[in-house]
Amino acid sequence: MSGRLPLLELEVESATLLKDANIDCLSIFLAPISLDEYNKRLRAWLTESDEEVAMRMEVATQQIEAAKKCVGKKKVEGGGIVFDHMLVNSEVRGEACKHKL
């Protein structure tokens with residue numbers, strides 16, 4: 001795997017642990033265009049119950065709020081940067097985000 005970089009999908013807490021451990025990495029928070037749009041996408045996929053959608057929406061709200069506090073600047077608690085960038089996924093398939101990366 002020499003010369004290849006791993007891609008990790010992490011929530012804010014795990015990304016914080018990586019950065020706090022001084023792991024040299026580029027961290028990007030991928031956010032939906034809006035919570036309303038994210039809710040619509042989840043429901044359109046028809047893969048989860050109303051309760052599961054509600055739980056995912058709650059987690060998404062918490063993650064987005066936490067990420068906004070620590071993108072490209074020191075965390076509120078005084079630690080280092082958690083996310084170097086935040087990209088907004090404006091398309092269902094994320095093609096726009098692929099080009100930004």
Return the pairs, sorted by first residue and then second, in which the second residue is modelled with pLDDT of 75 or more and open to solvent by 30 Å² or more (accessible area, probe 1.4 Å), the first residue lies in the stretch 75-92 and is acidic (D, E), the beta carbons are less than 6 Å apart, and the residues are 6+ apart or on different chains.
D84/L26
Unique residue being open to solvent by less than 90 Å² (accessible area, probe 1.4 Å) and either without any contact (Cβ under 8 Å) to a residue 40 or more places away in the chain or farther than 14 Å from V12 by Cβ (or both) when the list is A67, A44
A44
For the stretch 48-70, check the following and say yes or no: at least one residue is of a type in the set (K, R) and either at pLDDT 90 or above or in contact with an Asp or Glu (Cβ under 9 Å, 6 or more places away or on another chain) (or both).
yes
Matching residues in the stretch 29-41 - criterion: being surrounded by 15 or more Cβ atoms within 10 Å (Cβ to Cβ) and either touching a residue at least 24 places away in the same chain (Cβ under 8 Å) or over 20 Å from A66 (Cβ atoms) (or both):
F29, L30, A31, P32
Of the residues that make up the stretch 2-12, is at least one surrounded by 10 or more Cβ atoms within 10 Å (Cβ to Cβ), assigned to a helix (DSSP H, G or I) and out of contact with any Phe, Trp or Tyr (no Cβ under 7 Å at 6 or more places or on another chain)?
yes
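The values are calculated or read from the model by the stated rules, or taken from the named source; none is laboratory data. Predicted model only: the values in this text are computed from it and were never measured. Using ideal geometry, Cβ is built from the backbone for each residue, glycine included, and neighbour counts are taken over all protein chains shown. These area figures cover heavy atoms from the full protein model, side chains too; ligands, DNA and RNA do not enter into them. Shrake-Rupley method; radii C 1.70, N 1.55, O 1.52, S 1.80 Å.
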